[in-house]
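A short write-up of the structure that comes next.
The values are calculated or read from the model by the stated rules, or taken from the named source; none is laboratory data. Keep in mind that this is a model prediction, so the values were computed, not measured. Counting neighbours? That spans all protein chains shown, and the Cβs are built from the backbone with ideal geometry, glycine included.
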Amino acid sequence: MRVIEARGDGLANCAGEDGATTTVMIDLVGPVAPGDELLVHAGTAIARLQEAAA
Amino acid sequence: MKFVDEFRDAELGRVLAGEIVAVVEPGRHYKVMEVCGGHTHTIYKYGVDDLLPENVELVHGPGCPVCVIPMGRVDDGIAVAMQPDVIFTCFGDMMRVPGSDGTLLDAKADGADIRMVYSPLDALRIARENPDREVVFFAVGFETTAPSTALTLMRAKAEGSSNFFCFSNHVTIVPPLRALLESPDLRLDGFIGPGHVSTVVGARPFEFIPADYGKPIVISGFEPLDLLQSVYLVLRQLAEGRCEVENQYRRVVPYDGNPSALQVLEEVFELRPHFEWRGLGFISHSGLKLSDAYADFDAELRYEIPGVRVADPKACQCGEVLKGVIKPWECKVFGTACTPERPIGTCMVSSEGACAAYYNFGRFAREREVV
Amino acid sequence: MSAIGGREQHALDMIERVRAKPARFKDAQITMAHGAGGKATQTLVEGLFVPAFGSEALRQLDDAGVVGDLAVTTDSFVVKPIRFPGGSIGELAVNGTVNDLAVSGARPLALTLSLVLEEGLAAEDLRAEVEAIALAAQAAGVDIVAGDTKVVERGRCDSMYVTTTGIGRLDERANLSPSSLQPGDRILVSGPIGEHGTAVMLARGEFELDAQVESDTRPLWPVADALLDAAGPALRCLRDATRGGVATVLNELARASSVAVLVREAQVPVPAAVAGACEILGLDPMYVANEGTLVAFVAPDAADGALEALRSTPGCEEAAEIGEVRTDPPGMVLVETAFGGRRVMDLLVGDPLPRIC
């Protein structure tokens, strides 16, 4: 999911590929900025996504 | 930029399918286990196995976390849910898993206040919104989901919550794999390793599979192309006589996992001496309970829990199906005592389990072979 | 290819025997699954109601029963919350019932309206729903000709339950039957799928999840009318893809006609926001409810004309051909995935539940 806004307090508003938004705990991936892509599982970001090599 | 669509490309899929055909020996039958329930879902959703040659068989592994919860634990959960002041929360797919006397859905019909959540954070929010009730989160999942539970408990502790409790059924992935590999009648050639679990634990914990048991494992992503490529990589290792941990999901999985996640797991949980798995029996050090620091949040301490072990019916042969020793239809209870409507074992509980899939679609598979 | 051994054949035969048996209702109590439109609902209808009432009209298991040249149908509406993006319970109660008539090939004429109200319901909420009912009835071209009101104690129902019964006149052009599907028939949907169920689920606010999705609730008689005009007797069957979604409709008809149904996933119109919300929640949009989208089965010669007629009907611009009817394997729905594989799309055992693994 893509970060829309880091809210502080370890939470961020994130959007799925088609615009659905949800709250995500980001404690495990460090500070995030809008536009970062995260792998989210059960409401927690467990990894950052690197854009894949073609 | 789209991260997802490029990995679903059908054209590339056909190319990979061709490479798989080129790397297998025609006369040999290959059995490759995908460990993770998420992989099983992708395979099913996109029909990935339909693109494989006849002699490459995917065996669905023990990695569906709700399906492996044994009947006794479901009964315990229902006992907690039936307490008068409790709001019981769990993931949606947990609600259909049978205990010895019905499912959580049945308990809901009996009047229990059971609510479906999408994240443990939702459960904590319900606790905040209902200060005069006690909210229990029935936690299930591997190392993928456990960090979410752990972070939520840390939040609950930080905000001084006194009405939020966790009933932990979290499990770890390595012990059941080792248990499978220990069995002398195992009929598997290699493994597709769990991508999301590995983002947390890394690839390193799987090194014992090639080192001690001589089987290749490829950590895989969750798009259909990821899976095809991972099958290809396992088969290529076999063809070249290699045997190692390969990381197909390098774009997400660091070799050493996510240290912050491992640290929160360490703080909030501790290993149980043993934990029971549906269809697989007791496995040492395979379950997580809340650590002493979080004892105040432990539903197992807060409520009287029957804790009665309900034996899997003797005739249930999920273990053998998982090991690839027998086919679903060879199990003694398949289709009689154990059906998708009234499942007994883990392989029938999930609609994507080997037995449920065979029950529902076996006829279709047969037609495909005839065609 | 590997021959099928005696024991496997035995197991497969046993499954077939179980499947072929009439559904039996054996459960000790009613669970939410009995209302979800999947297998449990089927056992309730086919195992309890049909044997008990046994009328020929009921045996057809159509969306409406036929009495002379009239079609009659009834439906109760329970939805939480009663208002959601794109609609409300009142609008739904009108459209749901007129749509059951429309897909039976009957022009809706009149409705009765029965309300069960919860003690404490705000008058302005009731007024708003009554207005919604009046507007929807006007839009659908039906009169409300009789009604009833009951009030129950607070906590005995969620705000309000609405039951509507509809009567319609069978259209001369229509010769629709769920058992009339023929191999080669084309399958059309009248618009994007999955909107209503997704909108309601999100409106409940149980999940920390937000997406721009509105219910598709709308009257379908103009759609049925356009299809009957374009295809006439070549129109084999229409179904309103409500509870259980498009997947359930396809399974029911594959069974009723003893044919196979092939769906081409890439051609199914799923709005991006629906796909996104469903992906996050682990749901398949094919099983999510619609309230203004029908599935049409059309003989091959008339299919292109029918699709054109659909697309020129207001609200159906995104209508699409999603698959076709095949011979084998009878009673099953196959999906050709966008990735090029194939899988079986079965009836749901119970409610669609979000998955975690």
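Just a few scattered comments:
- Among the conditions (1) modelled with pLDDT of 85 or more; (2) at negative phi; (3) within 10 Å of another protein chain (Cβ to nearest Cβ); (4) in contact with a Ser or Thr (Cβ under 6 Å, 6 or more places away or on another chain), the only one that B:ASP50 does not satisfy is (4).
- C:ARG7, sole failed condition from (1) touching a residue at least 24 places away in the same chain (Cβ under 8 Å); (2) within 14 Å of chain B (Cβ to nearest Cβ); (3) part of a helix (DSSP H, G or I): (1)
- Inspection of region C:45-53 identifies no residue that is away from chain B (no Cβ under 14 Å), in a loop (DSSP other than H, G, I, E, B) and crowded, with 16+ Cβ neighbours inside 10 Å.
- Check on C:SER258, at positive phi and among the polar types (S, T, N, Q): yes
- The set of residues in region C:325-346 being of a type outside the set (Val, Ile, Thr) and either surrounded by 20 or more Cβ atoms within 10 Å (Cβ to Cβ) or facing chain B (nearest Cβ under 7 Å) (or both) consists of C:ASP328, C:PRO329, C:MET332, C:LEU334, C:ALA338, C:PHE339, C:GLY340, C:GLY341, C:ARG342, C:ARG343, C:MET345, C:ASP346.
- Hey, C:VAL249 touching a Gly at 6+ places or on another chain (Cβ under 7 Å) and in contact (Cβ under 8 Å) with a residue 24 or more places away in the chain or not: no
- Of all the numbered requirements in (1) under 26 Å from B:PRO120 (Cα atoms); (2) touching a residue at least 12 places away in the same chain (Cβ under 8 Å); (3) facing another protein chain (nearest Cβ under 10 Å), C:VAL270 misses one, and that requirement is (1).
- Elements of the type strands (runs of 3 or more DSSP E) sitting completely within chain A and holding at least 1 residues that are acidic (Asp, Glu), out of contact with any Cys (no Cβ under 7 Å at 6 or more places or on another chain) and more than 9 Å from every other protein chain (Cβ to nearest Cβ): these cover A:2-8.
- Given (1) within 13 Å of chain A (Cβ to nearest Cβ); (2) surrounded by fewer than 23 Cβ atoms within 10 Å (Cβ to Cβ), index of the condition B:ILE126 fails: (1)
- Looking across region A:11-22, the residues that are surrounded by fewer than 19 Cβ atoms within 10 Å (Cβ to Cβ) and under 18 Å from B:SER148 (Cβ atoms) come down to A:LEU11, A:ASN13.
- Number of the condition not met by B:PRO306 [criteria: (1) in contact with an Asp or Glu (Cβ under 7 Å, 6 or more places away or on another chain); (2) closer than 20 Å to B:LYS31 by Cα]: (2)
- All conditions but one from (1) touching a residue at least 24 places away in the same chain (Cβ under 8 Å); (2) surrounded by 15 or more Cβ atoms within 10 Å (Cβ to Cβ) apply to C:GLN182; the one that does not is (2).
- Filter result (farther than 16 Å from B:ALA146 by Cβ, among the hydrophobic types (A, V, I, L, M, F, W, C) and surrounded by 14 or more Cβ atoms within 10 Å (Cβ to Cβ)) within region B:278-300: B:LEU280, B:PHE282, B:ILE283
- Residue match in region C:289-310 (condition: crowded, with 23+ Cβ neighbours inside 10 Å, hydroxyl-bearing (Ser, Thr, Tyr) and closer than 30 Å to C:GLU16 by Cα): no
- Any hit, region C:74-90, residues being assigned to a helix (DSSP H, G or I), under 30 Å from C:ALA137 (Cα atoms) and in contact (Cβ under 8 Å) with a residue 40 or more places away in the chain: yes
- Inclusion of C:ASP69 among residues that are within 22 Å of the chain's Cα centre (by Cα), touching a residue at least 60 places away in the same chain (Cβ under 8 Å) and more than 10 Å from chain B (Cβ to nearest Cβ) is not warranted.
So that you can scan it fast, the table gives a plain yes or no per residue for (1) in contact with a helix residue (DSSP H, G or I) (Cβ under 7 Å, 6 or more places away or on another chain); (2) aromatic (Phe, Trp, Tyr); (3) at pLDDT 95 or above; (4) buried (at least 24 other Cβ atoms within 10 Å of the Cβ):
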site	(1), (2), (3), (4)
B:GLU134	no, no, yes, no
B:LEU153	yes, no, yes, yes
B:SER162	no, no, yes, no
B:PHE165	yes, yes, yes, yes
B:LEU181	yes, no, no, no
B:ASP185	yes, no, no, no
B:VAL200	yes, no, yes, yes
B:PRO205	yes, no, yes, no
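- Residue in region C:15-35 that is surrounded by 18 or more Cβ atoms within 10 Å (Cβ to Cβ), within 11 Å of another protein chain (Cβ to nearest Cβ), part of a helix (DSSP H, G or I) and of a type in the set (Ser, Thr, Tyr) present: no
- Selection count, region B:320-363, where residues are small (Gly, Ala, Ser), without any contact (Cβ under 8 Å) to a residue 60 or more places away in the chain and in a helix (DSSP H, G or I): 2
- All told, C:VAL295 meets the bar of being more than 14 Å from chain A (Cβ to nearest Cβ), in contact with an Asp or Glu (Cβ under 9 Å, 6 or more places away or on another chain) and of a type in the set (A, V, I, L, M).
Matching residues to (1) within 10 Å of chain C (Cβ to nearest Cβ); (2) under 29 Å from B:LEU233 (Cβ atoms); (3) without any contact (Cβ under 8 Å) to a residue 40 or more places away in the chain; (4) touching a helix residue (DSSP H, G or I) at 6+ places or on another chain (Cβ under 7 Å):
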position	(1), (2), (3), (4)
B:ALA17	yes, yes, no, yes
B:ARG28	no, yes, yes, no
B:GLY37	yes, yes, no, no
B:HIS41	yes, yes, no, no
B:PRO62	no, yes, no, yes
B:ASP76	no, no, no, no
B:ALA81	no, no, no, yes
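- Summed over region C:74-94, residues that are touching a Leu at 6+ places or on another chain (Cβ under 8 Å) and at pLDDT 95 or above total 3.
- Residue within region C:282-290 that is over 30 Å from B:ILE69 (Cβ atoms) and either free of Cβ contacts under 8 Å to residues at least 24 places away in the same chain or in a helix (DSSP H, G or I) (or both) present: no
- Restricting region C:210-245 to residues that are crowded, with 23+ Cβ neighbours inside 10 Å and within 14 Å of chain A (Cβ to nearest Cβ) leaves a set whose member that is farthest from C:GLY87 (Cα to Cα) is C:ALA211.
- Considering the conditions (1) within 14 Å of chain A (Cβ to nearest Cβ); (2) among the basic types (Lys, Arg); (3) in contact with a Ser or Thr (Cβ under 7 Å, 6 or more places away or on another chain), B:ARG115 is excluded by exactly one of them, (1).
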